[in-house]
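Data first, discussion second: the structure below is written as structure tokens.
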Amino acid sequence: MKMKNIVWILALVTVMLSCKGRQSGVLAAEKLYGAAQVNSPQAVQKSQRQSVHSEKAKEVRMYEIPAPLKDRPEKILYRKGYTTSYNQQTKTPNWVAWHLTDAHTRGSFQRKQEMFTEDEDIARDCRATNSDYYNSRYDRGHMCPAGDNKWDKQAMTESFLFTNVCPQNHGLNKYEWNDLEILCREWAQKYGAIDIVCGPVFEARGDQKTIGRNKVWVPDAFFKVILCREGTPKAIGFIYRNEGKKQLMADAVRSVDEIERLTKMDFFLELEDQTETKVEAQARLSDW
């Protein structure tokens with residue numbers, strides 16, 4: 001009986017040591033390879049969730065980018081708060097696009113600390129400068145506004161690059177265009193996020209108006225298209241003439257389809273075809 005007890009105790013000690021060894025092995029493996037690589041269901045699920053989240057993050061940034069342009073010069077420049085398609089002939093962007101979130105409508109970084117700056121990613125003879133705007137009677141009009149970039153110092157600074165700027169009538173810049181920018185921030189807060197593309201409109205003619213030594217083209221109008229993917233997707237567009245006369249927002253409303261025909265651009269191509277066709281054909285300010 002005494003011998004049996006000794007054998008039983010030895011067997012129990014062996015099992016305990018074996019379990020401890022396996023536990024130490026798992027901890028060592030986790031330390032060496034990371035928990036996600038150990039055969040733990042929870043770790044595998046976490047890794048899968050992170051992968052899905054990463055893919056969604058990539059998708060979010062894709063929706064606002066228009067299709068590549070084939071009929072005019074285009075240089076794509078990626079900034080922290082926006083992406084711009086720069087035209088070295090007009091010395092203005094073709095378009096500027098950004099994903100505006102609720103969080104990006106707030107922040108402590110202010111425009112008063114910034115100055116408009118030449119974009120050194122563009123060759124010197126292909127870019128606009130401050131002197132081009134001097135005595136031109138046109139404002140240096142932001143496409144992606146400073147007010148959408150208060151969330152980050154770098155984003156705010158980059159919003160003042162001339163690759164994000166067009167010659168804009170002072171009255172339009174101060175009133176109607178500013179009102180639309182404020183409304184977009186309100187929509188981002190209301191829906192959580194929206195996708196925005198805007199830029200200049202140049203009417204085909206031989207006597208294109210320019211300013212400055214670098215002959216920066218003066219737009220005849222400006223477009224802006226906005227997509228909301230929260231809930232039932234919807235989109236809306238606006239066209240404002242580049243002039244100081246009062247322009248009612250209701251009169252500026254256009255469908256995305258109309259603006260695509262005017263600008264010869266293709267917006268929101270990452271949407272499913274059926275959804276894209278539906279949202280781009282409609283434009284009702286009351287829906288927002």
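Every number here is computed from the coordinates shown, using simple stated rules; none is lab data. Keep in mind the model is a prediction, meaning the values are calculated, not measured. Cβ placement follows ideal geometry from the backbone for every residue including glycine, while neighbour counts extend to all protein chains displayed.
The conditions are (1) under 19 Å from the mean Cα position of the chain (by Cα); (2) surrounded by fewer than 20 Cβ atoms within 10 Å (Cβ to Cβ), and L285 fails exactly one of them. Which is it?
(1)
Within the range 236-258, is even one residue polar (S, T, N, Q), touching a Ser or Thr at 6+ places or on another chain (Cβ under 8 Å) and not in a helix (DSSP H, G or I)?
Checking the range 236-258: not a single residue is polar (S, T, N, Q), touching a Ser or Thr at 6+ places or on another chain (Cβ under 8 Å) and not in a helix (DSSP H, G or I).
Among the residues of the range 274-288, write down those that are more than 17 Å from F223 (Cβ to Cβ) and of a type in the set (D, E).
E276, D287
Tell me, yes or no, whether the range 179-189 has at least one residue that is at negative phi, under 14 Å from the mean Cα position of the chain (by Cα) and basic (K, R).
Of the residues in the range 179-189, the ones at negative phi are 179-189.
Within this subset, residues satisfying the condition of being under 14 Å from the mean Cα position of the chain (by Cα) are 184-185, 188.
In the following step, the residues that additionally are basic (K, R) were identified as 185.
The answer is yes, given that some residue of the range 179-189 is at negative phi, under 14 Å from the mean Cα position of the chain (by Cα) and basic (K, R).
Report yes if some residue within the range 177-186 is among the aromatic types (F, W, Y) and closer than 30 Å to R261 by Cβ; otherwise report no.
yes
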